[in-house]
Structures are given as C-alpha cells and as structure tokens.
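Shown next, in structure tokens, is the structure this report addresses.
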Amino acid sequence: MTLWEKTLRVIGVSVLLLVSVLYLLQRAVLRRDFSRLERENLEERLQTARYVVDLELEHLQLLSGDWALWDDMYAFAADGNAEFLAANLPDRSLEVAGLNLMVIVDAAGRVLYARGFDPLHGGMFDLPEVDVAGSGPLAPLLGPADEGGRSGLVMLQSGAMLAASRSILTSLGQGPARGTVVVGRLLEERAREGLSEIARLPLRLRNASDESLTADERARLAALAPGQSTWIESRSGSIYAGHLLLRDMAGQPAVVVTLEPSTDAYNYGQVTFYALGTMLVVGALGLFLAVLLGIEVTVLSRINALRRQVAVVSSSADPTLRVKLDGRDEVADLAQSINVLLAGLEEAHRSFAAQQQELRESERRYRTIFETAGTANVILDEDGTVLLVNPEFERLYGYSREELEGKRKWSEFVQPSDVQRMREYQLRRLREPSAAPRSYEYKGYDRQGNLRDVLLTAAVIPGTRRTLANLLDITERKRIEEELRRLKDFNEGIVEGMAEGLVLEDSEGRITFVNRALETMLGYQRAELIGWSWTQLVAPDHIESIRARMAGRREGASEVYESYFLDKAGRQVPVLISARALMEGGRYHGSLSAITDMREREQLEEQLRQAQKLEMLGVIAGGVAHSFNNLLTVIRGNAQLVLAEEGLTEQLRHDLEVIDGAAQRGALLTQQLLTFSRRRVLQPVATDLNRLVRDFVQLIGPVLGGDITVQTGLATAALPVLADASAVEQVLMNLSVNARDAMPDGGTLTFETAAVSLPAGAAECRPAVPPGDYVRVSVTDTGQGMGPDVIAHLFEPFYSTKEVGRGTGLGLSVAYGIVQQHQGCIEVQSAPGQGARFDIYFPARAADQPRKQEG
C-alpha cells in the first residue's frame, strides 16, 4: 500500500467517525420533534378522510331523493307498470349514475325492482330476493325512512357498500309514502380511487374481517372504545400510518380505511440535518488535505525522485548505471540498497549473454530444417502465441511472418467451435504427450475469410512447453466428400418424404427398395418387404392383369393403371400405380413404381354421392311437407269448426275427433319432414352441452321403460357450443327411441360427452367437416346392432328396419339434418349382436362468439 493510499484511508476513517456522530445526534434530537409533527399531520388527514366518506353518503342521499321524490316513481310504486322500468331504468342506467345497487320496495313490502351493476365485468345482474322483513344487510334501509332519509355502511356478500334510502313521495314531498328507494355504491377499487382523488390522500380500504389485517391491527381494532374510530400506527420508528374504522348501520366494525405513511415534515428535517452535516464534512476534508500536503513536501517528493532514477536505470541497456540520492534518512538508505542489487544484476547479465550466444547457434541449425520442409509448419508458445512460421504456412493463410510471429494467437485462425477442443488437446499434450491425439482435423480461416479444412499433426518440443504443428490443407477433399453426402441426403429426403409409396424391383421382379410411405400404407416394415416378389403384394385376382403389364414393361413401356394390393392384415387396398421401366444400354434392369393410396378418395366420393342423394330427398320432402301441411290445415280447421257446433251425436263427435287426431299426427310428421329438409329455422344460443345432456337424461326414464338402465360419462368441465337446445334434445330423443326399440329385452343406454379435436380427413364422420375442436356426444346401446348394409342407408328418409306401424323412418334423417344445420357430423359404429354407438360432433365455440345464422 502506498503512502498516498494510507493517508487517504486515515481520512476515510475520520469521515466515517464524523458521520456516525452526526447520525447519533439525529436519532437523539430530530426524530423526536419531527415525528411529533408528522403524527399531528396524520391525525388531521384522518379527519379529512372521515369527512370525505360523509360527503359520499350525503351524495347518495341526494341521489335517492332524486328518484324517491318524483311523481312518476310515486305512480310506479302504486301500479308497478313495466313501462316505467323500460323507460327510466334501462340496462346501463346504474353504470351511468355511478351506482352499484338500486332497490325499489312498495308500501306492502313487495320488491318492485332490485338490480346491481358489476364494475369488474361491466354488466347488470338481478339481485336475489331482498329480505324486507328479515334481518338482512339492507333491512335497516328498506323500512319507512325518516324525512331526510337513511344512509350508512352495509356489508354485502360482494363487499362493503355505502347506501342511502328515501321514502317514495310526490315531487312536493307529500304522502302517504308508497315505498322506499335504496341506492348504493360499492367501496371497491374505483371507489377507493375516487375517494382518494376527492380527499387528495392515498387511501386503502379493507374489510374489518379481512385476513390482510395484521395481528397488531386486529388487536388495536378490538381495543377501540365504542365512540372511538381512529388510531395511529407506528412504523419504522418515525414513520406512521393512520387508520379510520367505518361501522355499519348496526354499529358493527365494517371497513378499515388506512392512510398510507407520509413523511413530509420528517423528510424536511432530514434534509436540514444533512445539509449541516455536509458543511462539517467539507471542513474536515480541508483540514486533512492540508496535512496531506505537508506529507507530500517532506516525504513523498524524495521517494518520487528515487523512483524516477530507478526508472532510468531499468530502461537503459547499460548495466553499470547507479542511483544517487543525498541525505541521511531512510530514503537515502533505500537508494544504497538498490545500488547493491544493481551490481548483482550486472554480473548475472554477463553470464546470460554467453548462454544466449550458444542458444542462437542451436536455433540456426533447426531453423534450416523448419524453413525447407514441404508442408506448413508453426511453433506455438504455451499460451497459443504464434512464435515461428515457415513459407508454406504463409502461403496457406495469406499472412507474412512479420504479421504473425509474436503478434497473433493460434485461436485467431481457428473456427470458434473448434477452439475449446484444441485447447483441451493442448493442455493434455503438455501434461502427458500420449494423452491427446497426435493428428486431428479442424476448420480455420485464411486472410480472405475463406474457411479451410486442415489436418493437424502436433508434438511438444522436448525440454520446452512449446508445440510444433504440421498442417495439411484438406479443404478440397472435404468439399468433395460433403457434396457427395449432401447429394445422398437430398435424394433420400425426396424419396422418404413423398406421400406416394415407391417400389424398386430388379429384373427378376424382386423388391429391392421401398420407402416409408409404402410401409405406412401396407403396415409392413421395410426389412419384411425386401426380397419379396411383386406378386406377394398384389391381390390374387389382379396378379394376372399386372403380369401382362410387366411383360410390356420389359420392352421399356411406362404406364399408369389401377389395381389392388394386400396390406399386412390381408385387407385389399385400392391403389393407383405409375410404373416406369429402368433400361440401361437397351437392356431391362428392373422397374420403379409410384403407388398412390386410393382409399381416401373412394371414401370421399361415397360421401359425396350420399350427401347429394340426401339433399335431393330433402328438397322433395320439403315440397311435399308444405303441400301436405296445407291440406292438413284445411282438414283440422273444418273438423274443429264442426266439433264446435251443438247437437252433434256422440258417434259423429267421436269420428270428428279421430279425424282431428289423425290430422294432428300428420302435422307432426310434416314438421319432421321440414326439419329433415332444413326448412325449419334453428335458434342457436350459447349452450353448455354437458348440462343439456344431464337434464335430458333425467327426463328420458319414462320413455325408455324400466328394463333399460341409463348410464352417463360426462366431462367434468363445461362444454360450450352454439346450439338450438330443443333441436339437440330431439336428436337425443330420436337416438334414445331407436336404442329402446333395439333392446326389446332390456339393456344399457350410455350417454357420454367430451371435448375432442377432429383431424383432417375424418372419413367416417358424415357429413364431412373441417378439422378443428369439437364437442362430442356419444349415445351407446347394447342392442341388436346393425350390419354394413343397414348403416349405408341409415340416414335416408323413410328407411326403417322396424315392422310396419312402429316408425316413420324419419328419426335418424331428422337427426342428421339437425346436426348438419349445426355444422356438425355423425359417426356410426355397429355390428350385428354388438350394439350401436352414435358419436355426434358439434363445433366447440365460446359463448360470446358471433353466431352464424342457418336455415
């Protein structure tokens, strides 16, 4: 440590002691006086807060008076007409008035109006039944009010509320009173900000029962006398917070208003104190600087003179130079000791010069070998500094030796990702030469920034910690290798990424290669197919036709045709084959075939045909239904007119009632036809499908009978969709009735719901729908089941497997039409004797999403 540093340290300690003394004075004097001022200021602000709350209650009384002392309100309290509410209390009336609650009660205690406004979500809502005669929180406000009204704080489930009420009188204040008007405003965040702005104070509101109250605050709250409502809390010694207790209309603690700490007076005292302290510190520093100047003149100047002479000697090449300093003090003694040291260094210099001459002779011999080598050579220091390069190294990297030797690190020429690996090799080589690989590859940059691949062979020079490295440029070789690898990867990527299957056969018809798409198509692993004959893939009844085509391919023909393959499970797969002969020198060496899976296309074509057929039937059914409905209207009208006449015989009345009943059943049938033809306009609304299914299951029991057990497996979360609830219930009812008829001896009917995602190409779902998120309703029975021939016609109108008289054949057709109008689809799974499962998919939508009109 220098004398300057020691002197500065003494000054620092002295200043620290001075600051400590000032701090103790501040604790003893300032805190006591300024804390008293701060406490008095806080008490005044608490009174202001109390005043602001009272002003808010007076404002609410004025608002309640505006509504209660109004002739229209006086009339409304007598007759309760709805036109008054529609004209004067629309949905946003409370929000515009800045209120969160309004209750209107007539003189008999009946609630004429009770609504609230939710400031968090910005919407109106109906209040639950208001307890007029009971002991609810609003009871003190709902009875006959005094002339000036009533006001105070009430505690609701939604929080604390300032409320006021007035008796309903005429605009002249005349009676008798016809009821009471109550208005209220929640003490929530926006109310707190408004009160803070009016009072110009930072306020915080908490319920007296809130868990956020500290244990100390709860204790002080419990200790308040009946007439006491404020207390001061000490925080951090000289910082205070004020609390104001607001009691509800029953006199019970309700809300604690906290005035956050303010330290204006205390901070002013602190600033004054620190200004005085700064002046004292500056004076002390001036004194210490004077002392330091004296030390500089008497001691430090002689030491600096000695330092300058030592610098001259150290920079000179003359080993005979000595330092000179007069005097008899300790600094002069130090100069004499330095001269003794310089004499010893002079002797050592002579010995070193002789050793250097011998070393130069040895270096000359090795340099000749190093310079004339046919490869790039470099000698590196232990830290990676380039010490020596030969001409081949200069040509390799494009630098001259003057730019390299002793000026650059080896890592400057190495790709950053290889630097750490080469450093680790170097450290291991210095510890143990055999611990690191002697030769390895790396990438480096030449002067032009070109990236080169280099093969390095390195060894430690014996007796030193330096490394000799031999470098061979292999950039061109690596480029050729990389080009071949990229070409191979590119070709493999094309083949493996194709959607079509590829089959490569040799001249004997044996499979030599297949791609991943063919594995997926047929369910085989590649290793299973290699070596097979092509006949093992083709369906037996198509082998001969392909064999004939193979004969033409040997002549070089290429063609496109359809056929059938067999997958691993033995199922026939319709395919489109595009085959090309591989010829070399006019000789056939095999063929390359691209295989396209035609299953999806056939399924889509079948769905299109079914949809077109159903659409045509729907148009016909809709036209017939309208005409038939007009005829039934005439029949029912005339039958009912005759039934209304007097003097009819019992037989005639019975016959007319039979006619009217038959016409009514015909009208229901036409309604089903109109639904199937999509001429009935649905009214979709936001619906929880989980709840709809749950309510439906509770009502279906009498329809099914006692022999059928109903089970449910509903999703735990809500499943929102846009749906016409009555239409969806009709779909469930039609499926339930069909399931009942399929289980004449009883069984189990299961309803399940789930949120699912349909992938692209869900071919079994009819009609076809786009991929996305859906809500699925599954109806499963344990009945007789159906075969493929029945499923193919299941949704056609008037198609039924029941005996005559037991069904119209429209149940599933109507269900299909309703689901299609909801932009959904139905999937059927069944087999004879194994029951049936119907999966209905509705698009999952948020309740507030815009609704698409259908009809």
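The values are calculated or read from the model by the stated rules, or taken from the named source; none is laboratory data. Not measured: the values here are computed from a predicted model. Glycine gets a Cβ as well: all are built from the backbone with ideal geometry, and neighbour counts include every protein chain shown. When the accessible area is computed, the model is the full protein with side chains, heavy atoms only, and any ligands, DNA or RNA have been set aside. Shrake-Rupley method; radii C 1.70, N 1.55, O 1.52, S 1.80 Å.
A few points about this structure:
- Qualifying residue in segment 798-820 (condition: at pLDDT 90 or above, surrounded by fewer than 18 Cβ atoms within 10 Å (Cβ to Cβ), polar (S, T, N, Q) and closer than 23 Å to I708 by Cα): no
- The one condition in (1) in contact (Cβ under 8 Å) with a residue 60 or more places away in the chain; (2) outside any strand (DSSP E or B) that E482 fails to fulfil: (1)
- Counting the residues of segment 689-707 that are touching a Lys or Arg at 6+ places or on another chain (Cβ under 6 Å) and modelled with pLDDT of 90 or more gives 0.
- Considering segment 554-574, and only residues there that are free of Cβ contacts under 8 Å to residues at least 40 places away in the same chain and in contact with an Asp or Glu (Cβ under 9 Å, 6 or more places away or on another chain), the residue that is most open to solvent (accessible area, probe 1.4 Å) turns out to be Y564.
- Restricting attention to segment 438-472, the residues that are more than 30 Å from S362 (Cβ to Cβ) and open to solvent by less than 60 Å² (accessible area, probe 1.4 Å) add up to 6.
This table checks each residue for (1) exposed (fewer than 10 other Cβ atoms within 10 Å of the Cβ); (2) in a loop (DSSP other than H, G, I, E, B).
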site: I338; (1), (2): no, no
site: L342; (1), (2): no, no
site: E346; (1), (2): no, no
site: R350; (1), (2): yes, no
site: Q355; (1), (2): yes, no
site: E358; (1), (2): yes, no
site: R365; (1), (2): yes, no
site: F370; (1), (2): no, no
site: G374; (1), (2): yes, yes
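- Considered as a group, the residues in segment 79-101 that are in contact with a strand residue (DSSP E or B) (Cβ under 6 Å, 6 or more places away or on another chain) and either among the β-branched types (V, I, T) or assigned to a loop (DSSP other than H, G, I, E, B) (or both) include one that is surrounded by the most Cβ atoms within 10 Å (Cβ to Cβ), and that residue is N100.
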